[in-house]
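*Asks:* Below are the C-alpha cells for one structure; questions will follow.
The values are calculated or read from the model by the stated rules, or taken from the named source; none is laboratory data. Remember, predicted model here, so these are calculated numbers, not experimental data. FYI the Cβ positions are ideal-geometry reconstructions off the backbone, even for glycines, and counts take in every protein chain you see. The area values use the complete protein model at the heavy-atom level, side chains included, leaving out ligands, DNA and RNA. Shrake-Rupley method; radii C 1.70, N 1.55, O 1.52, S 1.80 Å.
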Amino acid sequence: MKLSIVRKIVLVILSLIIVFFVATELCILKYLKEYGYGIRKLPETTLVYFHLIDGVTVYCNNKDNSIFIGRHDYIYDDIFSENGYSCTEEIFFERAFYYKNDNNSSDSFWCYLTDDWCHWFRIYELSPTYKIEDFK
C-alpha cells in the first residue's frame, strides 16, 4: 500500500517536471520564431536559459555584427575580464560596452544589448569576427 502511494507521488512529480519543461520549450520556441530564428536554435537556447552555457552565436560574419543569444543577468563583463578584456566605455545608457585587451591595445571590440529580449533570453551583438564561444 505504501509503495503504491510513493509511486503515485513520484509519478505526479515527474509529470509536473515534464509539463514544466515542455511549456518552457514552447515559450522559448515562440520567441525564437518571433526574432527570426527557428527550432534549430532551440536546444542551445534552452541550455542558455537553464544556465548550462553562457551563450550561443546565431550569426557571425567578417563584415557584419556577430549576434548571440545570452542570459539576462549581465555575466559577460566577468567572462570578458577573465579573458583579459576590460570595459573601457559604456555608451547609450549602459546598452553598449566597449572592451579592450589588457595585453594588446589594438585588440578591442564592443558588445551591444539589443531590444530583442524576453523572459527566457536576450539577443546581443558583438563586433564582427567575435563569437561568444571564443571567450570560454
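*Asks:* Please find, within the range 77-124, the residue that is modelled with the lowest pLDDT out of those that are β-branched (Val, Ile, Thr) and part of a strand (DSSP E or B).
*Replies:* Step one: filter the range 77-124 for residues β-branched (Val, Ile, Thr), giving 79, 88, 91, 114, 123.
Within this subset, residues satisfying the condition of being part of a strand (DSSP E or B) are 88, 91, 114, 123.
Numbers: THR88: 84, ILE91: 78, THR114: 89, ILE123: 94.
Result: ILE91.
*Asks:* Looking at (1) touching a residue at least 12 places away in the same chain (Cβ under 8 Å); (2) under 13 Å from TRP120 (Cβ atoms); (3) not acidic (Asp, Glu), which one does LYS63 not meet, given that it meets all the others?
*Replies:* (2)
*Asks:* Output the residue which, of all residues in the range 85-121 that are open to solvent by 40 Å² or more (accessible area, probe 1.4 Å) and touching a residue at least 24 places away in the same chain (Cβ under 8 Å), is nearest to HIS51 (Cα to Cα).
*Replies:* The residue in question is TRP120.
*Asks:* Follow-up question, since we're still on this one. Given the conditions (1) open to solvent by less than 70 Å² (accessible area, probe 1.4 Å); (2) of a type in the set (A, V, I, L, M, F, W, C); (3) not in a loop (DSSP other than H, G, I, E, B), which single one is not true for LEU14?
*Replies:* The single condition LEU14 does not satisfy is (1).
*Asks:* Identify the single condition in (1) open to solvent by 30 Å² or more (accessible area, probe 1.4 Å); (2) under 18 Å from LYS131 (Cβ atoms) that TYR76 does not satisfy, given that it satisfies every other one.
*Replies:* (1)
*Asks:* Further question on the same structure: What number of residues within the range 125-134 are closer than 18 Å to TYR98 by Cβ and either assigned to a helix (DSSP H, G or I) or among the aliphatic types (A, V, I, L, M) (or both)?
*Replies:* 3
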